[in-house]
1. Is it the case that B:GLU46 is at pLDDT 95 or above and part of a helix (DSSP H, G or I)?
2. Test of understanding: among B:ALA183, B:ALA229, which residue is touching a Gly at 6+ places or on another chain (Cβ under 9 Å) and either in a helix (DSSP H, G or I) or not aromatic (Phe, Trp, Tyr) (or both)?
3. Quick one: how many residues across segment B:58-72 are in a helix (DSSP H, G or I) and not β-branched (Val, Ile, Thr)?
4. Answer with yes or no whether A:ILE260 is modelled with pLDDT of 95 or more and either among the aromatic types (Phe, Trp, Tyr) or in the same structural domain as A:VAL79 (by TED's automatic domain parsing) (or both).
5. When A:SER55 is evaluated against the numbered criteria (1) under 27 Å from A:ASN305 (Cα atoms); (2) among the small types (Gly, Ala, Ser); (3) part of a loop (DSSP other than H, G, I, E, B), which criterion, by number, is the only one it fails?
6. Quick check on segment A:235-243. Is at least one of its residues more than 17 Å from A:LEU165 (Cβ to Cβ), away from chain B (no Cβ under 14 Å) and in contact with a Ser or Thr (Cβ under 7 Å, 6 or more places away or on another chain)?
7. Any residue at all in segment A:155-170 that's in the same structural domain as A:ASN53 (by TED's automatic domain parsing), hydrophobic (A, V, I, L, M, F, W, C) and surrounded by fewer than 15 Cβ atoms within 10 Å (Cβ to Cβ)?
Number of protein chains: 2
Amino acid sequence: MKKWYEDERIDKDVVISSRIRLARNIKKYPFSTILQKSDIDKLINEVKDSIINDSNVIGNSFEFIKFDDLSNIDKYSMVENHTVSNDIIKKNDSAALIKNDDSASILINEEDHIRIQSVSIGNDINSAWEFANNIDNLIEERIEYAFDKDFGYLTSCITNTGTGLRASFMIHIPMIEMSGNLANISRAIGKFGMTMRGIYGEGSESLGGIYQISNQITLGKSEKEIIEALKSVTNQIIEQEKELRNNVIKNNSAKFEDKIYRSYGILCSCRQISSKEAMKLLSDIRLGFMTGILKFNKPEKNIYNIMMNVQPGNLIKLCGKNLNESERDIERAKYLNEQLRKF
Amino acid sequence: MKKWYEDERIDKDVVISSRIRLARNIKKYPFSTILQKSDIDKLINEVKDSIINDSNVIGNSFEFIKFDDLSNIDKYSMVENHTVSNDIIKKNDSAALIKNDDSASILINEEDHIRIQSVSIGNDINSAWEFANNIDNLIEERIEYAFDKDFGYLTSCITNTGTGLRASFMIHIPMIEMSGNLANISRAIGKFGMTMRGIYGEGSESLGGIYQISNQITLGKSEKEIIEALKSVTNQIIEQEKELRNNVIKNNSAKFEDKIYRSYGILCSCRQISSKEAMKLLSDIRLGFMTGILKFNKPEKNIYNIMMNVQPGNLIKLCGKNLNESERDIERAKYLNEQLRKF
């Protein structure tokens with residue numbers, strides 16, 4: 001089964017992906033922080049059964065996993081691909097249902113009892129919303145959620161109470177990053193109840209010019225309002241990024257082209273490279289493709305997927321053996337040489 | 001006719017080339033600084049006739065040129081290839097006899113009436129000396145030199161009086177340069193009456209890790225003594241360079257290899273590049289070949305020749321049209337992409 005992030009349509013837009021996350025809790029159990037082992041087992045089985053059962057087809061495309069059964073490498077790899085959260089892999093007795101193309105997951109016993117996640121390629125948050133909403137309804141057919149008619153969905157952390165919704169776009173904005181205007185934008189969107197973070201979420205540093213923009217407020221607004229407001233702000237950022245790209249092509253094309261081709265040359269030839277530098281150079285390549293500066297023969301290209309594959313966990317999985325940091329730098333260079341020379 | 005610097009044996013050694021220069025003046029004329037036009041014409045013809053005449057075969061391999069007849073680009077190109085000095089192209093009424101492979105030249109009416117230059121590939125100063133000495137004898141058969149039994153050959157500048165000899169090695173010592181030990185070496189050889197300069201002689205900055213080491217003292221020692229002393233000092237520098245290369249391969253091989261391959265990647269992919277940066281990266285490539293780090297399919301490689309060709313004059317000649325600095329940077333990148341991708 002091809003994963004959603006292996007799809008080459010990913011490199012078509014400033015927006016890499018659109019994502020919906022719904023936080024839900026089951027009425028009859030206390031929140032996960034104080035949940036007893038026996039209740040956790042029941043919780044996991046109930047959520048599992050609500051999806052994987054004879055009366056719905058969608059369950060066939062989900063696989064059930066328990067995180068305690070997985071190797072650390074498998075866990076890190078899932079986080080690097082944004083299939084599951086960083087929090088759940090650190091928690092004992094946690095489980096998940098993962099869609100076969102990794103485009104959706106239902107995390108069980110994370111911060112909340114249930115976290116439904118759905119992602120779609122490019123600037124298409126409506127699809128992600130529809131899928132998450134379907135899963136939400138499916139679970140609700142069998143499980144009574146903790147819901148308050150005034151507050152909405154009740155959650156372990158108060159910031160998620162209400163809709164329990166976090167909508168987000170993963171955007172590639174290297175030109176805005178280079179312009180030095182990022183801090184201003186970040187401050188401005190904060191006033192609209194939104195936030196901007198690096199590719200790996202809270203506290204993560206920016207890598208490869210990729211940022212996640214998402215709502216912070218979940219209460220007092222409908223899901224539709226939250227999503228529409230986020231779309232509107234994101235579209236403005238996209239326009240700004242595109243304008244900067246057009247300007248550099250119009251006014252400083254030779255230098256811009258040189259920068260991008262040098263990044264290509266280094267990726268084809270380096271013998272060791274950190275993931276941070278690899279992300280930076282791959283960001284140049286993605287920018288090169290999108291601006292038409294790079295024109296290569298091979299049509300199926302997916303720089304975002306290469307970006308994911310150079311992360312430590314994915315790289316170790318790819319090599320099939322444990323590697324320390326300097327070994328990874330060497331294997332990462334080999335992988336990049338091979339991938340980039342294909343173009 | 002293949003030029004000496006197009007020979008691929010040039011990339012075999014730390015020493016790129018060995019060079020001899022003899023300064024001579026004709027007894028019956030005043031020094032060039034005060035020479036009248038009518039005497040200059042006579043001087044030029046006499047020297048020309050001493051080489052190109054019916055009684056010697058060697059004259060057939062020399063071409064006579066007058067610098068006033070040449071374009072600026074042709075003149076710069078000859079300086080960049082070290083075929084003639086930077087001084088002679090700036091002087092009116094100067095001429096030269098140039099050997100068809102550019103390995104020898106007889107400059108007429110430069111600082112001295114006659115400057116005989118001969119170069120040989122690699123660490124082989126004896127060949128250069130023999131050829132220059134033959135030319136010297138040939139001229140002396142027809143022309144009486146300004147010679148004093150106490151002082152030796154008399155020259156326009158007192159520093160050349162005596163043997164009139166400047167022997168030099170052009171050496172590629174990037175590892176010594178990187179080690180930061182260059183200033184110490186330069187000071188040390190000064191005590192032996194020798195000097196170290198950049199690739200384009202006095203006052204020129206170092207480019208691509210290439211230096212010229214030559215004698216400063218021409219008086220009070222025989223030609224043989226001067227050459228032997230220079231050889232001995234140069235051999236010590238060569239050993240130091242080789243030791244540094246062995247050390248880096250032994251102790252830091254992965255990083256060293258990465259640096260060299262990155263330089264290769266940039267040279268293959270850049271879209272604009274200054275001559276200074278090109279020299280730096282080509283120096284890495286030459287070092288890569290010599291240490292066995294770079295192993296390419298194409299056996300005929302001559303990085304030194306590529307280094308010469310990226311100089312402004314040569315590049316303009318190669319492109320067949322006048323180019324300003326930023327146009328040159330773009331054409332230089334194209335030339336380098338093409339040359340390096342061949343390997």
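The values are calculated or read from the model by the stated rules, or taken from the named source; none is laboratory data. Predicted, not measured: the structure shown is a model, and the values here were computed from it. Cβ sites come from the backbone with ideal geometry, for glycine too, and all protein chains shown count toward neighbours.
1. On the way: at pLDDT 95 or above: yes; part of a helix (DSSP H, G or I): yes.
Here the answer is yes, as B:GLU46 does meet what is asked.
2. Values: B:ALA183 fails: touching a Gly at 6+ places or on another chain (Cβ under 9 Å).
When all the criteria are applied, what remains is B:ALA229.
3. So the answer is 7.
4. Values: modelled with pLDDT of 95 or more: yes; either among the aromatic types (Phe, Trp, Tyr) or in the same structural domain as A:VAL79 (by TED's automatic domain parsing) (or both): no.
Answer is no for this residue.
5. For A:SER55, the failing item is (1).
6. Just the residues of segment A:235-243 that are more than 17 Å from A:LEU165 (Cβ to Cβ), to begin with: A:235-243.
Checking which are away from chain B (no Cβ under 14 Å) leaves us with A:235-243.
Okay, now just the ones that are also in contact with a Ser or Thr (Cβ under 7 Å, 6 or more places away or on another chain), so none.
No, that holds for no residue.
7. Residues of segment A:155-170 in the same structural domain as A:ASN53 (by TED's automatic domain parsing): A:155-170.
Then drop every residue that is not hydrophobic (A, V, I, L, M, F, W, C), which leaves A:157-158, A:165, A:167, A:169-170.
Then drop every residue that is not surrounded by fewer than 15 Cβ atoms within 10 Å (Cβ to Cβ), which leaves A:157-158.
Scanning segment A:155-170, I find at least one residue that is in the same structural domain as A:ASN53 (by TED's automatic domain parsing), hydrophobic (A, V, I, L, M, F, W, C) and surrounded by fewer than 15 Cβ atoms within 10 Å (Cβ to Cβ), so the answer is yes.
Listed here are the residues, each with its yes/no results for (1) in a loop (DSSP other than H, G, I, E, B); (2) of a type in the set (A, V, I, L, M, F, W, C); (3) touching a Leu at 6+ places or on another chain (Cβ under 6 Å).
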residue	(1), (2), (3)
A:SER120	no, no, no
A:ASN134	no, no, no
A:ILE139	no, yes, no
A:ASP150	yes, no, no
A:THR159	no, no, no
A:SER168	no, no, no
A:GLU177	no, no, no
